[in-house]
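The values are calculated or read from the model by the stated rules, or taken from the named source; none is laboratory data. Computed from a predicted structure; not experimentally measured. So basically every Cβ, Gly included, is an ideal-geometry build from the backbone, and we count neighbours across all protein chains shown. Just so you know, the surface numbers come from the protein's heavy atoms only, side chains and all, with ligands and any DNA or RNA stripped out. Shrake-Rupley method; radii C 1.70, N 1.55, O 1.52, S 1.80 Å.
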Amino acid sequence: IATLLTAFTTRTYQSSVQFFVSTAGSEDSGALLQGSTFTQQRVKSYSQLISTPKVLGPVIDNTGVDETSASLARRVTASVPADTVLIDVRVTGYSPSEAAAIAQAIGEEFPKTVDELEQVEGNKASPVKVTVVKPATESQMPVSPRPVRNLALAAVLGLLAGLGLAVLRDMLDTTIKS
């Protein structure tokens with residue numbers, strides 16, 4: 001069963017992009033500390049902003065993906081490593097090129113969206129800068145299904161089920177054997 005399921009499961013591929021978030025520099029150490037704290041707090045919000053229609057709408061338009069921003073959001077995950085100002089974004093797709101194209105489009109659109117949202121009054125530049133530090137690349141290895149893992153897990157579960165049935169059959173056998 002595991003072999004059949006693995007053989008007929010649609011392969012999915014993953015691409016990722018990483019952002020670095022910074023604030024406008026200052027020579028005052030107090031302002032630098034305050035800017036660092038500000039940025040770490042903002043990064044948490046930015047990671048949730050990535051899966052919104054504000055970002056994914058233009059991504060869909062640029063890549064030509066035929067789905068809604070809500071369905072694309074289910075294939076996009078953003079995480080923030082603890083105590084950093086980095087945002088890791090992972091995109092799954094049905095082909096390596098699709099996943100990479102969506103991740104690349106997010107890499108282009110997300111900094112623009114943050115700049116637009118953080119722009120201060122009077123058309124001054126945004127105090128927050130988002131930079132792509134790891135651009136999207138195509139991965140030729142699918143992330144799902146994993147045949148070796150699936151078959152190994154199926155073998156272990158099959159052996160445990162067989163052992164359990166053998167023990168149960170022996171315990172329920174009430175015939176006299178000698």
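Does segment 64-103 hold any residues that are assigned to a helix (DSSP H, G or I) and either in contact with a strand residue (DSSP E or B) (Cβ under 7 Å, 6 or more places away or on another chain) or not polar (S, T, N, Q) (or both), and which are they? Before you say what the answer is, go through the steps one by one.
Applying the first criterion (assigned to a helix (DSSP H, G or I)) to segment 64-103 yields 69-73, 96-103.
Within segment 64-103, ALA70, LEU72, ALA73, PRO96, GLU98, ALA99, ALA100, ALA101, ILE102, ALA103 qualify.
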Only one of ALA125, ALA70, ALA100 that is modelled with pLDDT of 90 or more, loosely packed, with under 15 Cβ neighbours inside 10 Å and of a type in the set (Gly, Ala, Ser): ALA70
Can you name every residue in segment 6-40 that is at pLDDT 80 or above, open to solvent by 70 Å² or more (accessible area, probe 1.4 Å) and under 20 Å from ASP115 (Cα atoms)? PHE20
Residues of segment 158-177 satisfying the condition of being open to solvent by 100 Å² or more (accessible area, probe 1.4 Å) and outside any loop (DSSP other than H, G, I, E, B): LEU159, LEU160, LEU163, LEU165, ARG169, ASP170, MET171, LEU172
Checked segment 63-89 for anything touching a helix residue (DSSP H, G or I) at 6+ places or on another chain (Cβ under 8 Å) and charged (D, E, K, R); matches are GLU67, ARG75, ASP83
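Among the listed residues GLU109, GLU121, GLU116, identify the single one that is without any contact (Cβ under 8 Å) to a residue 40 or more places away in the chain, closer than 26 Å to GLY57 by Cα and in a helix (DSSP H, G or I).
The conditions single out GLU116.
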